[in-house]
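Read the structure below first, then the notes.
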Amino acid sequence: MRKKGARNLTYTQRLQLEACLRVGLHKQRIAEKLGVCLSTVYNEINRGKCTQKEYSYTDWIGERHYNQVIAYSPNIAEEKYRFNMSSHGASLKLGNDWDFVRYVEKRVLTDRLSPCAVLGEIKRKRLFRTNISKTTMYRYIEQGLFMNISLKALNLRPRRYRKIVAKRPPKGVSIEKRPNEIAKRNSFGHWEMDCVVGSTLSTLLVLTERLTRQEIIFRMPNRKAESVIHCLNVLERRYGAMFRKVFKTITVDNGSEFSDSKAIERSIFRGKRLSVYYCHPYCSCERGSNERLNREIRRLIPKGTDISKISIQDVKAVEDWVNAYPREIFDYATSAEKFDEEIAKLQ
């Protein structure tokens, strides 16, 4: 008995509809056969409408000729049906929680946090009753539910990589000789070091602690080895007797500014202050934490910026911002909190 009212077909019924159309069965008869109303049949045919090739004959040179005809495809109809159903989800989880929306927009636009970091911070501190996932957050942004945030503004672009073959050995002790425990990130006091350059000679020297992701940033007048040594000397004076516990090793690339390994390792007081290891040439992934956090610095100091015009206070503000960033890897605790915990263990 034919059912009243329009409804959606199953995939099996769509296959039956295709077979009925091919044998030329009348649409009213098809509706009765499928147990649906006539309008459902017409709607379904329009949903799966496509153009197909119908071969008519083969000529004397062996070339096949065909005509294009309008036909029904159950596969196309099924895909359209599932796509349309995907937009019929549950009601918005944001509800009327405009305080949640304003807080997210403020942290993303003013404080330069990622939406993911903001969600983690909200969950960790239990700031709002609203609780949505990262996937839902980015879908809401894409749908324009956050009026002032867009995916384009978040600068979410895939990173491109190119393969480069090394043409020379490292300038000092290779990373191959670095203890395996450092690679596992199970111990504190192992750092990565790099330079963030600007439009002039002035540059930033950036140190990243591998376990806690704590950042230390210096402004240098140039990228010479003497400037790097001066910054490390300042650090050694700052930490005093604690220096050798906090700075055990540093991993660097093969830039000329890091070429004086003996001076990097030599203490201003006496003896050896730390060990330095050199990555393989063109292998920035061996300083992964350093490279990743340099991207965060670039959000506040874009490429082409004249670093000589950035004050020491502003450099410190950038350092504080990076260290106060909620990190998913720490369950949205900050690097500063993790670093302070490790320092407390040493005292």
Of those in the stretch 30-75 that are open to solvent by 60 Å² or more (accessible area, probe 1.4 Å) and of a type in the set (Phe, Trp, Tyr), the residue modelled with the lowest pLDDT is Trp60
Regarding the stretch 240-250, can at least one residue be identified that is open to solvent by 40 Å² or more (accessible area, probe 1.4 Å) and either under 15 Å from Glu192 (Cα atoms) or free of Cβ contacts under 8 Å to residues at least 12 places away in the same chain (or both)? yes
Checking Pro281 against (1) under 28 Å from Glu176 (Cβ atoms); (2) in a helix (DSSP H, G or I): exactly one of these is not met. Which one? (2)
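Which fully enclosed strands (runs of 3 or more DSSP E) of the stretch 174-257 have 2 or more residues being polar (S, T, N, Q) and under 25 Å from Glu337 (Cβ atoms)? First the steps, then the outcome.
Values: elements: 190-197, 203-209, 215-220, 249-252.
In the stretch 174-257, 249-252 are the strands (runs of 3 or more DSSP E) which contain 2 or more residues that are polar (S, T, N, Q) and under 25 Å from Glu337 (Cβ atoms).
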Show the residue pairs meeting these rules: Cβ distance below 8 Å; 6+ apart or different chains; first residue within the stretch 122-136 and closer than 14 Å to Tyr332 by Cβ; second residue among the small types (Gly, Ala, Ser). Arg124/Ala333
One residue is enough: does the stretch 297-307 have a residue meeting the conditions closer than 19 Å to Leu235 by Cα and touching a Lys or Arg at 6+ places or on another chain (Cβ under 9 Å)? no
Residue count, the stretch 209-236, condition closer than 24 Å to Ala183 by Cβ, in contact with a Lys or Arg (Cβ under 7 Å, 6 or more places away or on another chain) and of a type outside the set (Val, Ile, Thr), comes to 3
Quick check on Ser261: is it open to solvent by less than 40 Å² (accessible area, probe 1.4 Å), under 23 Å from Lys345 (Cα atoms), in contact (Cβ under 8 Å) with a residue 40 or more places away in the chain and in contact with a strand residue (DSSP E or B) (Cβ under 9 Å, 6 or more places away or on another chain)? no
Long-range neighbours under 8 Å by Cβ, at least six apart or interchain, first residue over 22 Å from Glu79 (Cα atoms) within the stretch 8-37, second open to solvent by 70 Å² or more (accessible area, probe 1.4 Å) and outside any loop (DSSP other than H, G, I, E, B): Leu25/Lys33; Lys27/Tyr42; Lys33/Gln16
Filtering the stretch 81-117 down to residues that are loosely packed, with under 15 Cβ neighbours inside 10 Å and within 24 Å of Glu18 (Cβ to Cβ), which residue is modelled with the lowest pLDDT? Ser86
With (1) modelled with pLDDT of 90 or more; (2) open to solvent by 50 Å² or more (accessible area, probe 1.4 Å) as the list, and Val196 as the residue in question, which single condition is left unmet? (2)
Of the residues that make up the stretch 270-278, is at least one closer than 24 Å to Thr212 by Cα, in contact with a helix residue (DSSP H, G or I) (Cβ under 8 Å, 6 or more places away or on another chain) and in a helix (DSSP H, G or I)? no
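Picking from Arg266, Arg273, Arg299, which residue would you name as being among the basic types (Lys, Arg) and either within 20 Å of the chain's Cα centre (by Cα) or surrounded by fewer than 15 Cβ atoms within 10 Å (Cβ to Cβ) (or both)?
Values: Arg266 fails: either within 20 Å of the chain's Cα centre (by Cα) or surrounded by fewer than 15 Cβ atoms within 10 Å (Cβ to Cβ) (or both); Arg273 fails: either within 20 Å of the chain's Cα centre (by Cα) or surrounded by fewer than 15 Cβ atoms within 10 Å (Cβ to Cβ) (or both).
Exactly one residue qualifies, and that residue is Arg299.
Determine if the stretch 175-186 includes at least one residue that is touching an Asp or Glu at 6+ places or on another chain (Cβ under 6 Å) and open to solvent by less than 20 Å² (accessible area, probe 1.4 Å). I'd like the intermediate steps shown before the answer.
Our first condition is that a residue be touching an Asp or Glu at 6+ places or on another chain (Cβ under 6 Å); within the stretch 175-186, this holds for 175.
Add one more test, that the residue is open to solvent by less than 20 Å² (accessible area, probe 1.4 Å), and what stays is none.
Taking every residue of the stretch 175-186 in turn, none turns out to be touching an Asp or Glu at 6+ places or on another chain (Cβ under 6 Å) and open to solvent by less than 20 Å² (accessible area, probe 1.4 Å).
The values are calculated or read from the model by the stated rules, or taken from the named source; none is laboratory data. What you see is a predicted model, and the numbers here were worked out from it, not measured in a lab. Counting neighbours? That spans all protein chains shown, and the Cβs are built from the backbone with ideal geometry, glycine included. Calculation scope for accessible area: heavy atoms of the full protein, side chains included, ligands and nucleic acids excluded. Shrake-Rupley method; radii C 1.70, N 1.55, O 1.52, S 1.80 Å.
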